[in-house]
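Taking it in order: structure first as structure tokens, then the write-up.
The values are calculated or read from the model by the stated rules, or taken from the named source; none is laboratory data. The shown structure was predicted, so the numbers you read here are calculated from the model rather than taken from an experiment. Methodologically, a virtual Cβ is constructed for each residue, glycine included, from the backbone with ideal geometry; neighbour enumeration extends over all protein chains shown. Heads up: the accessible areas ignore ligands, DNA and RNA and are worked out on the full protein's heavy atoms, side chains in. Shrake-Rupley method; radii C 1.70, N 1.55, O 1.52, S 1.80 Å.
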Amino acid sequence: MHTYVFTLISGLLSGLALGLTGGGGSILAVPLLVYLVGIINIHLAIVTSLIAVGATSLISSITYMKQNLVRFKVAFLMAAPGILSTFLGSLINKKLNGHLLLIMFSFLMFYIGFRMLKKRNIENVKSDTQNILKILFFGFIVGFLSGLFGVGGGFLLVPALYLGVNLSMKEAVGTSLFIIFMYGLFGMTSYIVEKREIDFLISAIFVLGGVFGGFIGAYIGEHINQEKLRKIFAYFTMAMAVFIFLENIGYFI
């Protein structure tokens, strides 16, 4: 029973971060499933994260949709190449050591968080939503890393949308949530096709907690300053990167 309680709590925390930052839930899900819930099989934790974060993201994005902050054209363009690249990433994931994956994940997270601390060079820059090739490129890269690391990709999507496509921070968060849902769906499908182990009960409980946390996070995000939101995302990402690195480096020393 305690496993299910911790799963519910993990979903709540993940959903809270996801609704607020558009990517924090993705970063939290795998570590929570491994260290709090106690899923020893990291690859099982990864697919559970894909399913749970994907479903929670769709629900959390509703708040942003109501404010017209989800750019659907950008979302579908970025998700399209992810159909292929997420599948490729999950194939490579199967061949790599789980702890090595988490260490690689931590380095990437820290770099992204550091980049997000810096303001854009031009403050009121226009959205670059018409650059289809750039959007498709970001979609392919984020989709691949989503399948490889088992996260919805928000920790990359938000910076890509904010720094690369030049959306506002709140637009980046809202659009990221919708894309995460699509990436999660693609990733789950690839696992099912490969007939890999999936715990749907744990996933469902995680989603239940994530629904409540997601609405709370999205509500807070709706009423917070854009610059504060950007800094929260950056510092949270870097802190989680350090934690994950320290937890896994011991397996190689």
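Values for this structure:
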| read-out | value |
| --- | --- |
| Selected residue (only one of V34, V47, V53 is out of contact with any Cys (no Cβ under 8 Å at 6 or more places or on another chain), modelled with pLDDT of 80 or more and among the hydrophobic types (A, V, I, L, M, F, W, C)) | V34 |
| Helices (runs of 4 or more DSSP H) enclosed by the stretch 146-245 - at least 1 residues per element that are more than 25 Å from Q67 (Cβ to Cβ) and of a type in the set (G, A, S) | 169-193, 200-222 |
| Residue satisfying condition, being in contact (Cβ under 8 Å) with a residue 60 or more places away in the chain and surrounded by 24 or more Cβ atoms within 10 Å (Cβ to Cβ), within set A241, A234, A218 | A218 |
| Hey, Y183 hydroxyl-bearing (S, T, Y) and at pLDDT 80 or above or not | no |
| Residue list for the stretch 124-148, filter: open to solvent by 10 Å² or more (accessible area, probe 1.4 Å) and modelled with pLDDT under 80 | N124, V125, K126, S127, D128, T129, Q130 |
| Hey, Y191 touching a Ser or Thr at 6+ places or on another chain (Cβ under 9 Å) and open to solvent by 60 Å² or more (accessible area, probe 1.4 Å) or not | no |
| Checking L69 against (1) open to solvent by less than 50 Å² (accessible area, probe 1.4 Å); (2) at pLDDT below 85, the condition it does not meet | (2) |
| Set F87, F107: member being under 17 Å from the mean Cα position of the chain (by Cα), in a helix (DSSP H, G or I) and at pLDDT below 85 | F87 |
| Residue within the stretch 170-184 that is in contact with a Lys or Arg (Cβ under 8 Å, 6 or more places away or on another chain), among the aromatic types (F, W, Y) and either open to solvent by less than 10 Å² (accessible area, probe 1.4 Å) or in contact (Cβ under 8 Å) with a residue 24 or more places away in the chain (or both) present | no |
